[in-house]
């Protein structure tokens, strides 16, 4: 994301608050009709399991319909497919790039009796599984990674006066960002009279937008996903990009 934001003239400061670590969850072998990857990390960690095997990641379910939530997830799938000579399945990428957008897909409206695999992280949302089960599908989840906090030291955290906007790619990330941002605020400066919570914060969905409001952020920006393009679109819609001065 940072490279894409820099390409349009922004000056991104990268300070990840979460890291994805692999689990030991065993692949639930089955003949699947639908395979859903909820994130780029889901692809990366699933591919680490299947890459040594004949057919690579495609071996999960060669005949299934595959889904990728978001362009970054789709790009990760394309990279994984490129590592093997097996024919890559066609991938459905929903718009908007979140669970709700995927559930609107015409391919998932009538799934009674279908077998669905959701490749995701530990403690993710249950909306996909719950809804597809309610539609009559048999749903299995393969939890290939877990998110682990990696909070930076306050000394390495950027000064609030140097930041024009923040980006949180998930609800958990936003909660950590809020904690870190408030801890680093110290004495309010000319640009952070409310502890810095008036800085625009880009969030990937209405659900996380609502969370931002509850956490006290004064200028949450609802973006259509967690990608660089979605962040730019959200800032543009709010008149925050392109800026009058440097961003």
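The values are calculated or read from the model by the stated rules, or taken from the named source; none is laboratory data. All values reported here derive from a predicted model rather than from experimental measurement. For neighbour counting, all protein chains shown are included, and Cβ atoms are generated from backbone atoms with ideal geometry for every residue, glycine included.
The strands (runs of 3 or more DSSP E) falling completely within segment 1-112 include none with 3 or more residues that are in the same structural domain as residue 171 (by TED's automatic domain parsing) and over 30 Å from residue 160 (Cα atoms).
Checked against (1) surrounded by fewer than 18 Cβ atoms within 10 Å (Cβ to Cβ); (2) out of contact with any strand residue (DSSP E or B) (no Cβ under 8 Å at 6 or more places or on another chain), residue 27 passes all but a single condition, namely (2).
Evaluated against (1) surrounded by fewer than 20 Cβ atoms within 10 Å (Cβ to Cβ); (2) in a helix (DSSP H, G or I), residue 231 falls short on exactly one condition, (1).
Restricting attention to segment 41-71, the residues that are surrounded by 22 or more Cβ atoms within 10 Å (Cβ to Cβ) and within 20 Å of residue 105 (Cβ to Cβ) add up to 8. Of all the numbered requirements in (1) farther than 18 Å from residue 28 by Cβ; (2) within 22 Å of the chain's Cα centre (by Cα), residue 135 misses one, and that requirement is (2).
Of all residues in segment 152-171, none satisfies being modelled with pLDDT of 95 or more, more than 21 Å from the chain's Cα centre (by Cα), part of a loop (DSSP other than H, G, I, E, B) and surrounded by 13 or more Cβ atoms within 10 Å (Cβ to Cβ).
Just for segment 81-104: of the residues that are over 21 Å from residue 57 (Cβ atoms) and surrounded by 14 or more Cβ atoms within 10 Å (Cβ to Cβ), which one is modelled with the highest pLDDT?
Within segment 81-104, the subset over 21 Å from residue 57 (Cβ atoms) is 95-96, 98-101, 103-104.
Among the residues that remain, those that are also surrounded by 14 or more Cβ atoms within 10 Å (Cβ to Cβ) are: 96, 98-101, 103.
Values: 96: 87, 98: 90, 99: 93, 100: 93, 101: 93, 103: 97.
The extreme case among them is 103.
Among the residues making up segment 234-247, those that are under 25 Å from residue 73 (Cβ atoms) and surrounded by fewer than 16 Cβ atoms within 10 Å (Cβ to Cβ) are 236, 237. Taking (1) in a helix (DSSP H, G or I); (2) at pLDDT 90 or above; (3) crowded, with 17+ Cβ neighbours inside 10 Å in turn, residue 221 satisfies each apart from (1). Do we have residue 123 as in contact with a strand residue (DSSP E or B) (Cβ under 8 Å, 6 or more places away or on another chain), outside the structural domain of residue 218 (by TED's automatic domain parsing), within 24 Å of residue 77 (Cβ to Cβ) and modelled with pLDDT under 95 here? Here the answer is yes, as residue 123 does meet what is asked.
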